[in-house]
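Undergrad: Please see the structure below; I have some questions.
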Amino acid sequence: MSGIAIFHDNLVQMGGAERVTQALAAALPGAALHTTIASLSKLSAELRNMRPRATWMRYLPAPDRLYRHYFMLYPLAVETADLRQYDVVVSNCWGYAKGVHTRPDALHVCYCQTPPRWAWRYNDYVAREDMSRMKRLVLPWLIQPLRQWDLRAARRPDFFIANSHTAASRIRTLYGRESEVIYPPIDVDRFTVGGPPGDYYLIVSRLIAYKRIDLAIGACAKLGRRLVVIGGGPDRARLERMAGPSVEFLGRVSDEVVSRMTAGCRALLFPGEEDFGIVPLEANASGRPVVAWRGGGALETVREGETGVFFDEPTPESMAAAILALEQRSWEPACLRHHAEAFDRQLFIDKIRGFLRRTASSRPAQRALEAVYG
């Protein structure tokens, strides 16, 4: 059998990485979708319709709730995911997918969101996690074999694509591999520029400790500003305990609600360090500016004074000062949207197709791509 496959780390929620896989599928129509474990009820109709094929991990209980607890099992699952029937494989990887096995004459391109944070930035990753003393004692002993496996897995792709220059630098430092940067896509048409801004600031994020939602809650409390938080995750209970009456948690909501709330907000708050960060660009597509931490991928997507403002210290006080600075400026919605259009989904699709055409050196890979592109 010949053809093309996409391998995604796990499909248990909808976020930026999953939207990248949707765009990869648009770039590779007819591609088979593989993953380690899936929770179909959490996915978009587009991904569900691809009927993702999961490994033996699909038999594990409650994947949408317990997937993080299975972190030591993912390398084992990836090793058993035999994709040698395919001529072209694109892995979308923030953890393990790059380690999937392919044929020697197949083309394997890894779209790398980042080398896994929990393995290579362990101290930062767990610093604000609510973990027992026993977990903090045991986990470092488990991380070392994960790092060793990750280094072996990083040798398997023929080529790396990085989602940002920040990620490309980490790939070079940790894996000794070069990569081409192709920024993740945003669906600009999903967002519209609304009327005058509302009275609330907005966060759209998975509620995980390293996202630093606590900084935004503290900053808005100091200023007496209303904050709306969209998203779910293990840090929600802690954040709700620290939040005052001016903070509203909506949980996970539909794309339509996200678009409406983004169009109506005063600005988006982006307090954590991300490898890229799609949400600030989605806010710009809605004509809204961003308050972002000065670090990581935000440095590549936020233009200070043009599409948003930065804060420099990981404190509520520093973020509050940036919010005040944003409120003292005027923002032109049309200019913000024009900035976002440079990251549109169709541009991503065209770049992915161009990269695959350039790198397909074997005849089977060339034939598979010709069957898709003509």
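Undergrad: Yes or no: SER254 free of Cβ contacts under 8 Å to residues at least 60 places away in the same chain, surrounded by fewer than 24 Cβ atoms within 10 Å (Cβ to Cβ) and within 22 Å of PRO314 (Cα to Cα)?
TA: No: the conditions fail for SER254.
Undergrad: Moving on. Name the residues in the range 218-232 that are surrounded by fewer than 23 Cβ atoms within 10 Å (Cβ to Cβ) and of a type outside the set (Lys, Arg), would you?
TA: Those that are surrounded by fewer than 23 Cβ atoms within 10 Å (Cβ to Cβ) and of a type outside the set (Lys, Arg): GLY218, ALA221, LEU223, GLY224, VAL228, ILE230, GLY232.
Undergrad: Moving on to the next point. Can you say whether TRP118 is more than 21 Å from ASP235 (Cα to Cα) and surrounded by fewer than 20 Cβ atoms within 10 Å (Cβ to Cβ), as far as the supplied structure shows?
TA: no
Here is a yes/no grid of residues against (1) in contact with a Lys or Arg (Cβ under 7 Å, 6 or more places away or on another chain); (2) not charged (D, E, K, R):
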{"residue": "GLN22", "(1), (2)": "no, yes"}
{"residue": "ILE37", "(1), (2)": "yes, yes"}
{"residue": "LYS42", "(1), (2)": "no, no"}
{"residue": "PRO52", "(1), (2)": "no, yes"}
{"residue": "LEU60", "(1), (2)": "no, yes"}
{"residue": "ARG68", "(1), (2)": "no, no"}
{"residue": "PRO75", "(1), (2)": "no, yes"}
{"residue": "ALA81", "(1), (2)": "no, yes"}
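Undergrad: Go through LEU207, LEU239, LEU227 for me and flag whichever is in the same structural domain as VAL291 (by TED's automatic domain parsing) and assigned to a loop (DSSP other than H, G, I, E, B).
TA: Every option except LEU207 fails the conditions.
Undergrad: Please indicate, with yes or no, whether at least one residue in the range 329-346 is in contact (Cβ under 8 Å) with a residue 40 or more places away in the chain, under 25 Å from ILE230 (Cβ atoms), of a type in the set (Phe, Trp, Tyr) and part of a loop (DSSP other than H, G, I, E, B).
TA: Yes; the residues of the range 329-346 include at least one that is in contact (Cβ under 8 Å) with a residue 40 or more places away in the chain, under 25 Å from ILE230 (Cβ atoms), of a type in the set (Phe, Trp, Tyr) and part of a loop (DSSP other than H, G, I, E, B).
Undergrad: While we're here: If a residue has to be over 22 Å from the mean Cα position of the chain (by Cα) and more than 12 Å from ILE203 (Cβ to Cβ) to count, how many in the range 227-255 make the cut?
TA: 8
Undergrad: Something else: For the structure I just gave you, tell me whether ARG177 is in contact with a strand residue (DSSP E or B) (Cβ under 6 Å, 6 or more places away or on another chain) and either surrounded by fewer than 23 Cβ atoms within 10 Å (Cβ to Cβ) or assigned to a helix (DSSP H, G or I) (or both).
TA: yes
Undergrad: Also: Condition first: outside any helix (DSSP H, G or I), assigned by TED's automatic domain parsing to the domain that holds ASP214 and over 19 Å from the mean Cα position of the chain (by Cα). Can you find one or more residues in the range 350-372 that meet it?
TA: No: zero hits.
Undergrad: For the range 287-295, check the following and say yes or no: at least one residue is surrounded by 15 or more Cβ atoms within 10 Å (Cβ to Cβ), in contact (Cβ under 8 Å) with a residue 24 or more places away in the chain, under 19 Å from the mean Cα position of the chain (by Cα) and outside the structural domain of ARG121 (by TED's automatic domain parsing).
TA: Within the range 287-295, one or more residues are surrounded by 15 or more Cβ atoms within 10 Å (Cβ to Cβ), in contact (Cβ under 8 Å) with a residue 24 or more places away in the chain, under 19 Å from the mean Cα position of the chain (by Cα) and outside the structural domain of ARG121 (by TED's automatic domain parsing).
Undergrad: Now for a separate question. Return yes when LEU207 is within 29 Å of ARG345 (Cα to Cα), surrounded by 18 or more Cβ atoms within 10 Å (Cβ to Cβ) and either of a type in the set (Gly, Ala, Ser) or in contact (Cβ under 8 Å) with a residue 12 or more places away in the chain (or both) and no when it is not.
TA: yes
Undergrad: Also, quick follow-up: Being charged (D, E, K, R), assigned to a helix (DSSP H, G or I) and at pLDDT 95 or above is the requirement here; does ARG152 meet it?
TA: Spelling it out, ARG152 is indeed charged (D, E, K, R), assigned to a helix (DSSP H, G or I) and at pLDDT 95 or above.
The values are calculated or read from the model by the stated rules, or taken from the named source; none is laboratory data. Keep in mind that what you see is a predicted model, and the values were worked out from it rather than measured. With ideal geometry, Cβ positions are generated from the backbone for all residues, glycine too; neighbour counts draw on all protein chains shown.
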